[in-house]
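Have a look at the structure below before the remarks.
The values are calculated or read from the model by the stated rules, or taken from the named source; none is laboratory data. Because the structure is a prediction, the values reported are computed rather than measured. Every residue, glycine as well, gets a Cβ built from its backbone with ideal geometry; the counts of neighbours run over all protein chains shown.
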DNA sequence: GTCTATAGGGAGATAGAC
DNA sequence: GTCTATCTCCCTATAGAC
């Protein structure tokens, strides 16, 4: 009975995985159904069977990413991680992207292309970006209260700076080398250490 | 004789202006020769007369942007601006983008699309990004020495954080509203004030 | 669920008239 | 310098057989 759910959705999941990777590497306007079909060894009509339109696929990629982030955050609570460990885990998400074929944050990619993507994808992107910022804001507020982080101004403002730095540095790393991303993260840590 | 140079290149300049605006708003893969032709009221063949290929056009847009930035930096020196005024002027460049139809930094857009654009455009983008960072690094080193800025670590690392924040925040502002960009810049200033 | 076949449109680019 | 006309290719998407 567990096999039923697993076997049934294989192609659909593979398409989502491929689309997610391509959005991170090439952007929404940088890949096509044909690219996905070629990668999976199927025909582009089969991709349309699972996702009626490219806009649907793009939106579902982001919605899945949001759910995954929520589960990730819940896991950190279950594991009773401290604020430092939580921030480190958050940085690690972006570090992994950088080390995995110079991918970028999907939210960052879609915000760059924001005026050239379908409305449904925009809405999903906005939701993801808000989730990320709210989580970061909570962590920063909690961490400063506990004396773990030091920064001026409001936690929400510092959260924008951190989110923007991570997204921007992943993109800068593409033209200037991955060490620029590492340098940015190291500098963020120094700043928060006060 | 001054008219000779002015009249001669009108269309070419208009194409560069349109392409620059479209790269900032839509990205390299978000506009076409047809879009430019429609905007200028000409035919797409006329655009090809001035720029043989889209890759040429993209690269020239960035090269012109680089030259403009260099002249901008030289002007600041001529005017003997202080480090605070220089940083403020730098922020103003991005502020203007944000207020002009939620445009983004051209370097940021092309770095997001980096794996989906022609090699010539990539090289120009890399050059622009290096120029921006070198200028910022010099300013930060000079400013800290003069006691105007406070930050930990190396000036080059702080420069990546600032450049990434500005690029990233312009993109975040598209989905979350322009006030997020303002908040990021305000936070950067607080950090540098120490 | 996946295929073949194809519609319908837009892309980048070129030839040659004016 | 700009036009008309056209080539070739790739895109998203659908119909209908298997």
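Does residue B:57 fit the bill of being modelled with pLDDT of 95 or more, more than 14 Å from chain A (Cβ to nearest Cβ), within 11 Å of DNA strand C (Cβ to nearest atom) and within 21 Å of residue B:106 (Cα to Cα)? Taking the combined requirement at face value, the residue satisfies it. Return the pairs, sorted by first residue and then second, in which the second residue is near DNA strand C (Cβ under 8 Å from one of its atoms) and assigned to a loop (DSSP other than H, G, I, E, B), the first residue lies in the range A:31-53 and is away from chain B (no Cβ under 14 Å), the beta carbons are less than 8 Å apart, and the residues are 6+ apart or on different chains. Pairs that qualify, where the first residue is away from chain B (no Cβ under 14 Å) and the partner is near DNA strand C (Cβ under 8 Å from one of its atoms) and assigned to a loop (DSSP other than H, G, I, E, B), are A:37/A:43.
For residue A:158, the conditions (1) within 25 Å of residue A:27 (Cα to Cα); (2) in contact (Cβ under 8 Å) with a residue 12 or more places away in the chain all hold with the exception of (1).
Here residue A:175 clears all of (1) within 7 Å of chain B (Cβ to nearest Cβ); (2) in contact (Cβ under 8 Å) with a residue 24 or more places away in the chain except the condition numbered (2).
For residue A:42, are the conditions met, namely being within 13 Å of DNA strand C (Cβ to nearest atom), part of a loop (DSSP other than H, G, I, E, B) and at pLDDT 95 or above? Criteria met by residue A:42. Check whether at least one residue in the range B:12-21 is within 27 Å of residue B:172 (Cα to Cα), within 16 Å of DNA strand C (Cβ to nearest atom), within 14 Å of another protein chain (Cβ to nearest Cβ) and part of a helix (DSSP H, G or I), and report yes or no. Yes, there is a match, as at least one residue in the range B:12-21 is within 27 Å of residue B:172 (Cα to Cα), within 16 Å of DNA strand C (Cβ to nearest atom), within 14 Å of another protein chain (Cβ to nearest Cβ) and part of a helix (DSSP H, G or I).
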